[in-house]
1. Take B:Leu76, B:Leu100 and order them by how many other Cβ atoms sit within 10 Å, fewest up front.
2. Treating the protein assembly as shown as a set of equal point scatterers at the Cα positions, no solvent, please give the Debye-formula log₁₀ I(q)/I(0) at q = 0.07, 0.08, 0.12 Å⁻¹.
3. Would you mind computing, in nm to one decimal, how far apart the modelled labels at A:Glu218 and B:Ala162 are, each placed 7 Å from Cα along Cα→Cβ?
4. I need the inter-copy label distances for B:Thr105: point set 7 Å along Cα to C-beta, values in nm with one decimal, smallest first.
5. Looking at A:His139, B:Gly72, A:Ile247, which one has the Cα that reaches farthest to the positive end of the dipole of the protein assembly as shown (charges on Cβ: Lys, Arg +1; Asp, Glu -1)?
6. Which cysteines does the protein assembly as shown leave without a neighbouring Cys Cβ under 4.7 Å?
7. How do A:Thr26, A:Thr210 rank when sorted from fewest to most other Cβ atoms within 10 Å of their own Cβ?
8. Hey, if you drop one equal point scatterer on each alpha-carbon of segment A:124-233 and run the Debye formula without solvent, what base-10 log of I(q)/I(0) do you get at q = 0.14, 0.24 Å⁻¹?
2 protein chains.
Amino acid sequence: MPDSIQPTLSADPREARRAIRAGRHTGTTANVAPGYVQGNLAILPADWAAEFLRFCQLNPKPCPIIGLSEPGDPRLPNLGADLDIRTDVPSYRVFRDGALIQEVTDITHLWRGDFVAFVLGCSFSFESALLDAGVPLRHIERGDSVPMYLTNIPTAPAGRFAGDLVVSMRPFSPANAIRAVQITSRFPNVHGAPVHIGLPHLIGIDDIDTPWEGPATEVRADELPVFWACGVTPQAAIRRAKPPIAITHNPGHMVITDLRNAAIAAL
Amino acid sequence: MPDSIQPTLSADPREARRAIRAGRHTGTTANVAPGYVQGNLAILPADWAAEFLRFCQLNPKPCPIIGLSEPGDPRLPNLGADLDIRTDVPSYRVFRDGALIQEVTDITHLWRGDFVAFVLGCSFSFESALLDAGVPLRHIERGDSVPMYLTNIPTAPAGRFAGDLVVSMRPFSPANAIRAVQITSRFPNVHGAPVHIGLPHLIGIDDIDTPWEGPATEVRADELPVFWACGVTPQAAIRRAKPPIAITHNPGHMVITDLRNAAIAAL
């Protein structure tokens, strides 16, 4: 295992959340609580949350909702009995008027009585299914996070939320690309099947070596780049909608839930 | 509809077989009895049939067995109560010592007491499912048969049967290529998911404009060629194995069965 992959923090999602809550883990959640669903996070004031909910429902591939809090309530008991969304994510991003102003490890001091938390399915679940099937993932072998790109594929707008789709990219041999379509199709709640394969310039990606977020991953001459809708899409929409405050996860630093990946497979 | 597409002979598979048996239809079976499974045919003497059965079982993607006759019996009642394999295919190919020597519309005069007939699933079933889902197929729009290529992908040999895989090719937009993987994965008995996508030189296809069988189909700059294992693969194996006699269908001129396409879907 490369040095850059963090050692497994904990096989148990409750223990992992306790460690994060106590400030003992501030890194990415790759390899943490393997087999359990992790999620993307978006927190918005209630007067923005209704529009964002509609944005998610209109754009289920990038924004599959797996958890939604009551306004002002930091708990998401359906995802974890003890889960406190103010403390249980290793790294948060704070946006003010659409601008990323801070990355923090705890948002208790920022929490408001009108905040609504959205937890959206994340590709870690389908990556786990790919690895279980023997389909290799280069960015994981290298201990990197996945490269993400802003495409020219418009999302369906909802009120003030709009903008283009963000995608993640994984390179595969053609046979493994076919297998990856089959495997990820079983997981519609964590982005499901790819949105594109093979011809990135058609979706507005002119330079595969320059991701919008994350490090580049080599695509070899005998491979095809395969693209999935990404849960970072809301961050692009938030940058554009400019709510006075919004809080998200820092990419790769996810919400760890008690749901099992195998339990959310459609087939 | 282009002139070159034959008008629908019959919506009913029994009527279609009666018309073929009576010599009233000798063309391809595209558009005949839509919704019903059609099959590839290979007939071999009993002393070659056991090896060919093992070849099919070792190579289920090109050779999915949907019907197998008793030696000497030209009936396949599981595929159609009245089906007579000597008369019910519009065009047969006769191979002697591996060489194609004749194309005929009836093989009654050639039938022997030791002949075994194999019927193998055919891509018409999954093409029907693709069209039902709104995924266009250019060769059908043009009234052409599908282009087929001999690859460098070896089949698993069984006795005297061996050789490389024959594939069919259909061009798709990247989004439709992904949808085509999903849809055809539901039909493992008619070749199932593609075997290759996007980089034909990797499977030994250097000139996409020169198929091994069938007319070329344009692949546009914004499309990917997608390749499926093809039921013509046994004809390549027969050419190589050189049995004293073997009879197959003429590509596109298939065995029409009473099985519904929807009934053979795995999901």
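Where a number appears in this text, it was derived from the coordinates with a stated rule and is not lab data. Owing to the predicted nature of the structure, the values given are computational and were not obtained by experimental measurement. FYI the Cβ positions are ideal-geometry reconstructions off the backbone, even for glycines, and counts take in every protein chain you see.
1. B:Leu100, B:Leu76
2. -0.49, -0.61, -1.02
3. 3.5
4. 8.3
5. After comparing all options, I get B:Gly72.
6. Within the protein assembly as shown, the cysteines lacking a partner Cβ under 4.7 Å are A:Cys122, A:Cys230, B:Cys122, B:Cys230.
7. Lowest count first: A:Thr210, A:Thr26.
8. For segment A:124-233, the Cα-only Debye profile gives -0.53, -1.53.
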